[in-house]
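Undergrad: Sharing a structure below in structure tokens format, with a few things to ask.
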Amino acid sequence: MKEGWELEADKLVHAIERDQAAIQQALARRVFIRWCMWHEFRVVLRNRENTLLTLLVQSWTVEERDYSEAVGGIWSALVESVESMPLE
């Protein structure tokens with residue numbers, strides 16, 4: 001055996017431990033970054049969903065108003081027609 005092999009072995013053990021710690025830190029960072037990205041997506045998508053829902057409700061209310069006005073016009077025309085009918 002070579003002289004100083006124990007010193008070389010200790011250097012390799014410490015290098016391996018540092019590398020393992022760096023790998024664990026990188027994995028933890030990856031998990032944190034993924035969590036942050038999913039959180040941002042959730043915020044963006046929720047805002048988009050709220051926007052689409054608001055636009056849907058606005059469109060539906062306009063359509064219902066127009067329909068109600070059309071029905072009201074039909075009833076008004078019917079009232080005018082019935083009023084001009086003879087009573088006898």
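Undergrad: For the subset of the range 1-17 comprising residues that are part of a helix (DSSP H, G or I) and of a type in the set (Gly, Ala, Ser), which member is farthest from the chain's Cα centre (by Cα)?
TA: Going residue by residue through the range 1-17, those that are part of a helix (DSSP H, G or I) are 5-17.
Add one more test, that the residue is of a type in the set (Gly, Ala, Ser), and what stays is 9, 15.
Numbers: ALA9: 53, ALA15: 44 Å.
Ranking the qualifying residues of the range 1-17, first place goes to ALA9.
Undergrad: Also, quick follow-up: Among the listed residues SER68, SER81, SER76, which satisfies the condition of being exposed (fewer than 10 other Cβ atoms within 10 Å of the Cβ) and assigned to a helix (DSSP H, G or I)? I'd like the intermediate steps shown before the answer.
TA: On the way: SER68 fails: exposed (fewer than 10 other Cβ atoms within 10 Å of the Cβ); SER76 fails: exposed (fewer than 10 other Cβ atoms within 10 Å of the Cβ).
Of SER68, SER81, SER76, the one residue that is exposed (fewer than 10 other Cβ atoms within 10 Å of the Cβ) and assigned to a helix (DSSP H, G or I) is SER81.
Quick note: the coordinates plus some simple rules give every number you see, no bench work behind them. Remember, predicted model here, so these are calculated numbers, not experimental data. All Cβ positions, even for glycine, are placed from backbone atoms using ideal geometry, and neighbour counts span all protein chains on display.
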